[in-house]
C-alpha cells in the first residue's frame, strides 16, 4: 500500500518535471523572449526643444498625452495651465504635473513621463552624410560617425571637435572617438591635410 502511493507520487513528480522541461524547450524553439527594454534615462537628462515625450496619468485616459514634440517654447498646455519643461528632468516634470493635478482635479495623481524620441545630435565636416540624427543613449563619437555613414577619405581622426548644446559660448572642445555625445551636441570632423 505504501509502495503504491510512493510509485504514484514518483510518477506525478516525473510528469511535472517533464512538463516543465517541455515548456522550456518550447519557449526556446518558439523564440519566446522577454520584451526589449528601453535604455534607462540618465537622471540628469534635461528636456529641451526636439524631445518627444508621452505623459500617462494612471486611471485617467483623458489626461494621457502621446508623442508630444517639445517646441522652441517647451510649453505644455495642461488642464491646470501652462508648464515650461525646458531644463526639467523627467522626475521633476512628473512631480510638477502631479502637483498641478492634485486637489482641483485628482486626489492622488500617479504620473509617468517617458521620452519616446530624444532630440537630435548633429554631425558636420568630413563624414559621409552630415546632418541631424536621433540621439541614442550611450552614444559616443565613434558610433555617431558610424551613424553618419563613416569618415570621408580626407577626414582627420585626431581633429574632432564637439560643441555642447548647453555651452552658451559655443566653444569647440577637442574629443576622441570614445568621448560621449549628448542630445543637441554638434560634432565636427575636420579635414586632414596630409
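Every read-out reported here was derived from the displayed coordinates using simple, explicitly stated rules and does not represent laboratory data. Keep in mind it's a predicted model, so treat the numbers as computed, not measured. Glycine gets a Cβ as well: all are built from the backbone with ideal geometry, and neighbour counts include every protein chain shown.
Ranked by Cβ crowding within 10 angstrom, fewest neighbours first, how are 111, 175 ordered? Could the numbers behind the result be given before it?
Working: 111 22, 175 17.
Final ranking by Cβ density, sparse to dense: 175, 111.
Can you put 123, 157 in order of Cβ neighbours within 10 angstrom, beginning with the fewest? All intermediate terms of the calculation are to be shown ahead of the outcome.
Numbers: 123 25, 157 15.
So the residues, fewest neighbours to most, are 157, 123.
Spin-label point model (7 Å from Cα, Cβ direction): what's the residue 86 to residue 117 distance in nm?
It works out to 2.1 nm between the two label points.
Please report 67, 95 as a ranked list, fewest other C-beta atoms within 10 angstrom at the top and most at the bottom. Walk me through the numbers before you get to the answer.
Working: 67 9, 95 14.
Least crowded to most crowded, the residues run 67, 95.
Would segment 120-191 count as rounded, prolate or oblate if I go by the C-alpha gyration tensor, calling it rounded below 1.5 in a/c and otherwise prolate when a/b exceeds b/c, oblate otherwise? Walk me through the numbers on the way to the answer.
On the way: a/c = 1.58, a/b = 1.22, b/c = 1.30.
Note, shape of segment 120-191 comes out oblate.
Is the shape of segment 52-117 rounded, prolate or oblate, going by the alpha carbon gyration tensor and its root eigenvalues a ≥ b ≥ c, with a/c under 1.5 for rounded and a/b larger than b/c for prolate? Each step should come with its number before you reach the end.
Numbers: a/c = 1.72, a/b = 1.44, b/c = 1.19.
Because a/c hits 1.5 or more and a/b exceeds b/c, segment 52-117 counts as prolate.
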